[in-house]
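Laboratory data are not the source of any read-out in this text; all were calculated from the coordinates shown. None of the values given here were measured: they were computed from a predicted structure. Note: ideal-geometry Cβ built from the backbone for every residue, glycine included; neighbour counts use all protein chains shown.
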Amino acid sequence: MADLIKLIRLIREIRDEAGTCKRCGSCQAVCPVYAQTGLESDVARGKLTLLEGLEQEMFKNPKGVLKRLDRCLSCGSCVVNCPRNVNVLEIFIKSRVAIMDFTGLSMVKKIILRWGLSYPRRFDYFIKSVSLVQKLFMKPAGNKSGTFCVRQFFPFFRDRHFFPLANLQKYGKAEPLNPSSEQNRSIFSKTSAPYNHKKELKVAFFSGCVIRKLLPGIARASMDALIFNNVKVVSSDREGCCGFPAIMAGDRVTFNRLVQYNLAKFESLKFDYLVTSCATCTFAIKKIWPMMAKDSRINLERVVALAEKTIDINQFLVLKGELKEIKKEDKEPVIVTYHDPCHLKKSLGIAKEPRKVICANKNYILKEMENADRCCGFGGSFNLKNYSLSSRIGVEKQRDIRATECGIVASGCPACIMQISDFVSKAQEEIIVKHPVEVYMS
């Protein structure tokens with residue numbers, strides 16, 4: 001009975017929040033999905049109209065409502081352009097939770113989320129097992145991007161280029177650097193500034209699932225950059241997922257488990273800031289955790305305390321760290337362009353800092369692309385469920401990148417890096433996709 005009352009309260013809250021939309025159409029002008037389809041049901045205004053009647057639609061056609069919600073990139077373009085400040089992302093997240101509370105998760109989602117993602121140790125062992133056999137099903141795409149494609153006999157993902165699980169990565173694992181070792185002292189030779197052994201700032205590092213399991217080079221570059229700028233780094237022995245995939249699937253049980261798991265892990269450490277190199281992880285911890293903690297048994301004060309310490313690595317290096325400049329070497333500088341991740345710029349207002357990190361390495365020249373903050377089209381599970389539509393958006397981004405004649409395109413979001421790499425690779429572009437800290441430390 002208590003759960004039913006809670007569900008009814010949540011549905012009415014969604015209805016009231018959706019009702020604040022005045023159907024002005026501002027979201028229509030900026031929605032990347034609507035730009036491709038022209039369908040009113042694909043824009044925030046159309047979805048909010050549906051959600052106003054969620055109490056009736058929940059019983060009539062809950063799967064239909066969920067299907068409409070799933071055709072959303074969660075990019076936040078509608079939110080930042082709404083004249084009435086309707087928090088569409090929050091409404092859509094709560095709506096997914098309400099639907100899943102009512103219908104329950106499918107068996108596939110239960111296995112992936114509640115059996116796997118909920119338990120970090122088990123999930124890590126599963127990924128490690130898959131990584132041992134992955135080369136049987138995939139081969140290198142054969143270009144600078146470092147992506148792979150499936151072998152001809154494999155029936156899935158034939159139209160995609162993607163990154164392998166971490167054990168195939170040529171740049172190795174993402175263990176923290178030992179600044180006292182001779183091998184790692186070389187990073188300090190890149191600047192004329194002396195290495196300061198007195199580290200005043202102490203940070204914990206939250207890598208995130210995509211970096212840890214697919215792009216460990218970003219974790220290593222992040223560690224390099226922090227140590228290079230005289231920051232002491234601590235890290236949890238086995239962090240869990242930030243919970244964003246779970247809450248976007250409407251699974252509040254897995255989400256709450258992961259929040260509590262990570263709180264316990266990081267509260268046991270002493271640090272000034274929790275630094276992340278993933279735009280989505282930063283957004284999840286700073287915004288989604290406090291939002292969902294209000295309606296759960298998780299202590300809100302604990303969540304807010306960690307959220308206030310959480311900061312994107314680019315923002316940290318610029319505003320809290322030293323961001324030492326790296327000397328120009330005797331070679332032609334490489335052109336770098338930058339793509340603004342939606343969760344970094346639109347959701348957190350971080351845009352100047354990644355560019356400053358790139359420009360701090362004098363071996364690179366930043367050249368802006370057109371529509372740098374237009375969504376790349378990934379959107380997490382959106383890419384899996386709507387790949388054709390995701391591809392159309394991704395190709396537009398790839399064309400904007402090509403027009404800059406760059407050698408490197410950088411982005412502060414691992415998911416954006418995956419999406420851009422897919423289309424740069426398939427177009428046979430001689431372009432490398434990197435995180436800003438990878439550019440900075442290269």
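Return the subset of Lys109/Lys346; Lys94/Lys346; Lys331/Lys352; Lys328/Lys367 for which the Cα-Cα distance in this structure is over 24 Å, preserving the input order.
Check vs 24 Å cut-off fails for Lys109/Lys346; Lys331/Lys352.
Taking springs between alpha-carbon atoms closer than 10 angstrom, which of Phe378, Phe148, Phe59 fluctuates most in the Gaussian network model of the chain?
Top of the fluctuation ranking is Phe59.
Just flag the GluC sites (Glu not before Pro) in the stretch 370-442 sitting in loop per DSSP whose Cβ has no more than 16 other Cβ atoms within 10 Å. Provide the component values of the computation, followed by the final result.
Values: sites: Glu370, Glu396, Glu405, Glu429, Glu430, Glu438; in loops: Glu370, Glu405, Glu429, Glu430.
The qualifying sites are Glu370, Glu405, Glu430.
Springs between alpha-carbon atoms under 10 Å, Gaussian network over the chain: tell me which of Ala18, Ala427, Ala360 tops the mean-square fluctuations.
Of the options given, Ala427 has the highest mean-square fluctuation.
Starting from the Cα of Leu50, step 7 Å along the direction of its Cβ; do the same at Arg297; then give the gap between the two resulting points in nm.
Roughly 3.3 nm, to one decimal.
Using unit Cβ charges (K, R positive; D, E negative) and no other charged atoms, how large, in debye to the nearest 20, is the dipole of the stretch 334-441 about its Cα centre?
So the dipole magnitude of the stretch 334-441 works out to roughly 200 debye.
Which of the trypsin sites (Lys or Arg not before Pro) found in the stretch 20-109 are loop residues per DSSP with 11 or fewer other Cβ atoms within 10 Å of their Cβ?
Passing both the DSSP loop test and the Cβ count: Arg23, Arg84.
Tell me, what is the FRET efficiency for Cys24 and Asp330 to the nearest 0.05, using R0 = 56 angstrom and their Cβ-Cβ distance as r?
Here the calculated transfer efficiency is 0.50.
Most mobile of Cys24, Cys82, Cys72 per a Gaussian network model of the chain (Cα springs, under 10 Å)?
It is Cys24.
Just to check, using Stokes-Einstein with a Kirkwood Rh over alpha carbon pairs, what's the diffusion coefficient of the stretch 296-442 at 20 °C and 1.002 mPa s in µm²/s?
Answer, rounded: 131 µm²/s.
Work out the FRET efficiency for Arg84 and Phe157 from their Cβ-Cβ distance, taking R0 = 51 Å, and round it to the nearest 0.05.
About 0.80, to the nearest 0.05.
Please compute the alpha carbon radius of gyration of the chain, then divide it by the globular-protein estimate 2.2 N^0.38 Å. Two decimals is fine.
Values: Rg = 21.8 Å, N = 442, 2.2 N^0.38 = 22.3 Å.
Dividing the Cα radius of gyration by 2.2 N^0.38 Å gives 0.98.
Measure nothing but the geometry: give the 0 to 90° angle between the long axis through the Cα atoms of 300-309 and the longest principal axis through the Cα atoms of the chain, rounded to 10°.
Roughly 30 degrees, rounded to the nearest 10.
Report, to the nearest 10°, how far helix 88-103 tilts away from the longest principal axis of the Cα atoms in the chain, using its own Cα long axis and a range of 0 to 90°.
60 degrees
If you stretched the chain out fully between Gln134 and Asp16, how much longer would it get, using 0.36 nm times the residue separation minus the C-alpha to C-alpha distance?
Full-extension gain reported as 37.7 nm.
What do you get for trypsin sites (Lys or Arg not before Pro) in the stretch 302-404 restricted to DSSP loop and a cutoff of at most 11 other Cβ within 10 Å of the site's Cβ?
Lys328, Lys331
Please report the antiparallel percentage of DSSP beta bridges with both residues in the chain, rounded to the nearest 5.
Rounded to the nearest five, the antiparallel share is 15 percent.
In whole angstrom, note down how far apart the Cα centers of the stretch 125-140 and the stretch 32-76 are.
Spelled out, the Cα-based centre of one part sits 36 Å from the other.
Determine the distance separating the Cα centre of the stretch 294-334 from the Cα centre of the stretch 261-283; give it in Å without decimals.
Value for the Cα centre distance between the two parts: 10 Å.
Kindly identify the stretch 2-104 as rounded, prolate or oblate by the Cα gyration tensor criterion: order the square roots of the eigenvalues as a ≥ b ≥ c, call it rounded if a/c is under 1.5, otherwise compare a/b with b/c, prolate if a/b is larger, else oblate.
prolate
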